1. Out of curiosity, is A48 over 21 Å from L254 (Cα atoms) and either at pLDDT below 95 or not small (G, A, S) (or both)?
2. Return only the number of the condition from (1) modelled with pLDDT of 95 or more; (2) surrounded by 21 or more Cβ atoms within 10 Å (Cβ to Cβ) that A250 does not satisfy.
3. Mind listing whichever residues of region 318-333 are over 18 Å from L412 (Cβ atoms), surrounded by fewer than 20 Cβ atoms within 10 Å (Cβ to Cβ) and in contact with a helix residue (DSSP H, G or I) (Cβ under 9 Å, 6 or more places away or on another chain)?
4. Within the bounds of region 123-131, is there any residue that is in a helix (DSSP H, G or I) and not charged (D, E, K, R)?
5. Which ones in region 203-219 are surrounded by fewer than 18 Cβ atoms within 10 Å (Cβ to Cβ) and not polar (S, T, N, Q)?
6. Does A289 fit the bill of being surrounded by 23 or more Cβ atoms within 10 Å (Cβ to Cβ) and over 30 Å from P346 (Cα atoms)?
7. Where residues in region 149-183 are small (G, A, S) and more than 23 Å from V139 (Cα to Cα), which of them is surrounded by the most Cβ atoms within 10 Å (Cβ to Cβ)?
8. Having 3 or more residues that are hydrophobic (A, V, I, L, M, F, W, C) and touching a residue at least 40 places away in the same chain (Cβ under 8 Å) is the bar; report the helices (runs of 4 or more DSSP H) wholly within region 157-233 that clear it.
Amino acid sequence: MEYLPRVIDDRLSRWLRGQPAVRLEGPRGCGKTTTALQHAGSAVHLDAHAGMTELAQLDPDRILTGRAPRLIDEWRLAPSLWPQLTQRLDDQALPGRYLLTSSATPLEYRHHTREAARLSVLRMRTMTLSERLGAQAPVSLAGLAYGDRVTGVRSRLSYTQLAEQAVRGGWPELLDADTDAAISYNAGYLQSLAHTDLKTLVLTRHQPDRITDLLTALARHTAADISLAGLGHDTQAGLARDTVRSYLDALDRLHVWEPQPAWQPPLNTRARLRHRPRAHLADPALACAALGHDADRLADDPDQFATIFTAMVIHDLRVYLEGTGAQLWHYKDETGLAIDAIIQYPDGRWAALQTSLGDHHTIDAEIALETLRDERLDLDQIGQPRYLAVITGGTHATTIRNRTHAIPLATLTA
């Protein structure tokens, strides 16, 4: 199948031109190896067969030597290579020497601080909505930050088609699959997580049913505030906080659980900020699979679909912001005002985005954004927003007023 370019390609190329080694990490099946091969001068795959890890110990030079950038695929499988690799970078720190991919972060790697500090990390995720559609999206997130206006832009996705994309997900191997096959793939992915992938990562006794229970609880809390105790109470088994923490740590190292932290800006009111993160799985389609949603069932439940759509927006924003130095937050205060996405740029400036599944709710989302800007934030300290935007599941994109935009998700790119 012809390679479909990814948003991360440009950033990976730029990093390899400026850094001696780059780690490309992300959930199993998101396309890391395929993308890395587009940039590699030579490659070795440590998961090709069991003998590769033995070879890495017997003759590390055979693994590490090759035309640059040398791709070491699933490098986590051979810990004996880590100090060898670091020594090579110390001896000759030329840019673009190594490209390392991994679908999990070993616990023991966290203690190798010297190695960790030398290797810059790009996180790769499943495909965004615009990447899947294969057409150049007309609205640039970076352009919005520099004052671009949005005119004459339409999305080609209907409400039903958007629901189909939600339950399919962004796994590259599903691009040509029918929707039923994609749903089965996502259900199987969850089963593999619980029964196989987490087996060697959890610090407590491996109990697949309890992991499945927690994954389902995470799905129910998609794009909602969560706590360890709350997640535990929402499981059928009533999991203890320490068990939930251990499972979440393992899911984090598999890159399939990615919480969205709460923003803590200076305020001009006495309203107290909420601090809990929001729950997100690696792809919103996994949440759909955990909850048993097909496209029709999701489309028939607008409230549930709105939650999944918010998760789709956060997923895509993360892809577009990866490698830029920007941070993605959510906002919530004790008055109930909640903003789905706050982008904080490296220069300290910020933008706020609210989601709205349908065009008819755009005005409510716009009011929430203006309330944040005009009634909550201390703008003397943080300045005016670069822009405000409502990301919709509708069809029309436009600039509502100065620096405030309504943008269908399918028309958005980096």
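The values are calculated or read from the model by the stated rules, or taken from the named source; none is laboratory data. Small disclaimer: the values here were computed from a predicted structure and weren't measured. No Cβ is skipped: glycine too gets one built from the backbone with ideal geometry, and neighbour counts run over all protein chains shown.
1. no
2. Every condition holds for A250 apart from (1).
3. Q327, D333 - these are the residues of region 318-333 that are over 18 Å from L412 (Cβ atoms), surrounded by fewer than 20 Cβ atoms within 10 Å (Cβ to Cβ) and in contact with a helix residue (DSSP H, G or I) (Cβ under 9 Å, 6 or more places away or on another chain).
4. yes
5. L203, R205, H206, P208, D209
6. In short, yes.
7. It comes out as A182.
8. Where helices (runs of 4 or more DSSP H) fall fully within region 157-233 and carry at least 3 residues being hydrophobic (A, V, I, L, M, F, W, C) and touching a residue at least 40 places away in the same chain (Cβ under 8 Å), they are 159-168, 179-192, 208-220.
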